[in-house]
Amino acid sequence: MLTCSLLCNLISLCILISAQSASHDFTEADRLFQFAGQLMEEEDYYRAITEYKRFISYFPEDKRVPLSRFNIAVAYKKGGKTDLALEHFQPIPTDFEGTIIAEKAAYEIGITLFMSGRYTDAETAFSEFINHYPDSTYLDSGKIYLGWSLIHLWELDRAADIFSSVSEESSYYPIARALAEEIQGDPKLPRKSPVLAGIMSGILPGAGQVYTGRNNEGLTSFVLNGTFIWAIVELFNRGNEVAGILLGFFEVGWYTGGVFGAVNNAHKYNRKARSDYILDLQNRFPLPPRE
C-alpha cells in the first residue's frame, strides 16, 4: 500500500514538473517573439533578425515560425539589404504553401524586385502571383504593379490590358482605368532617329550631335575633325605623306567615333523621353501604397 502511494506521488510530481517545464517553454517563446517584434517596431532591424533567428532555432515547431521567417525577410528589406530580403522571401511560398504568409511573401517578392528597378523580374514575379493567387486580397494591387513593370519595359499595350483587368469594385479601379486610357496606342513622344543622326555626322562631323540636342558636343566635333582634316591635307601638300597617313589613321578613329556617338546620343535622347514620360505618369497616377 505504501509502495503504491509512493508511486502515485512520484507520477504526480513528474506530471507537475512536466507541466511547469512546458509552461516555462511557452513563456520563453512568447517573450522572445515579442522582443523581436519590439525591435522591428523600433526599426532596429538587424537585432530583430538575430532574435527571430534565435526564436526559430529554439522553437522550430512553434506555429509562429513562418511569420518569423517572413519578418526576417521584411527586416532585411527595410534595412536596405534587398538581395538578402529576396533570398529569405523566395522559399516561403513553397515552404508554407496554402498559407497567408506564403501569399504575402509572393507579393513582397514582386514589390521588392519592382522597387529595386528589376522590372523584368518584377513582371515575372507579379504574373506568377496573379496566376497562383487569383483570390488574393492583394490581387488588384499586384495587377497595378505588374502594369507599371510593363510600362517601364515599354510594353504599353500589355500594361493597358492588365490595368483594364482590375476589378470595378477595387479602390484602384479609377486610377487603373485612367492609366489604361492614357497609355493605349503610341504616345506621341519626341524622338530622334539614330540612323539619321549617324548619317548626318557621317556627312558633316558634329551635325548628328546638334540634331540630338548636344550643340556643344557637335561644335567640338566639327572643329576637331575639321582641324585634323585640314592638317592631313597640308601634310600631303608639303610632301610629308608618312605624317599625313599617321594623322589620318587617328582621324578615322575620331571620325567614326563621332558617327557612333551621334547614334548613341539619339538612343539616349529617346530613352530620356521615355523616362520623362514615365515620371510624368507616376506624378499623375501614384503607385499603390506598399502593403
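Of the helices (runs of 4 or more DSSP H) lying entirely inside the range 152-206, those containing at least 3 residues that are touching a residue at least 12 places away in the same chain (Cβ under 8 Å) and within 19 Å of residue 280 (Cβ to Cβ) span 156-164, 173-183. With respect to the conditions (1) in contact with a Pro (Cβ under 6 Å, 6 or more places away or on another chain); (2) at pLDDT 75 or above; (3) not aliphatic (A, V, I, L, M), residue 268 falls short on a single one, namely (1). Would you call residue 211 within 23 Å of the chain's Cα centre (by Cα) and touching a residue at least 40 places away in the same chain (Cβ under 8 Å)? It is false that residue 211 is within 23 Å of the chain's Cα centre (by Cα) and touching a residue at least 40 places away in the same chain (Cβ under 8 Å). One residue alone among 122, 159, 207 is outside the structural domain of residue 101 (by TED's automatic domain parsing), surrounded by 16 or more Cβ atoms within 10 Å (Cβ to Cβ) and at negative phi, and that residue is 207.
Within the range 114-140, the set of residues being out of contact with any Leu (no Cβ under 7 Å at 6 or more places or on another chain) and among the hydrophobic types (A, V, I, L, M, F, W, C) comprises 114, 115, 129, 139. Scanning the range 125-151 for residues that are without any contact (Cβ under 8 Å) to a residue 40 or more places away in the chain and either on the phi > 0 side of the Ramachandran plot or surrounded by fewer than 23 Cβ atoms within 10 Å (Cβ to Cβ) (or both) yields 127, 128, 130, 131, 132, 133, 134, 135, 136, 137, 139, 140.
The values are calculated or read from the model by the stated rules, or taken from the named source; none is laboratory data. Since we're looking at a predicted model, the values are computed, not measured. Because the Cβ atoms are built from the backbone with ideal geometry, glycine has one as well, and the counts that use them run over all protein chains shown.
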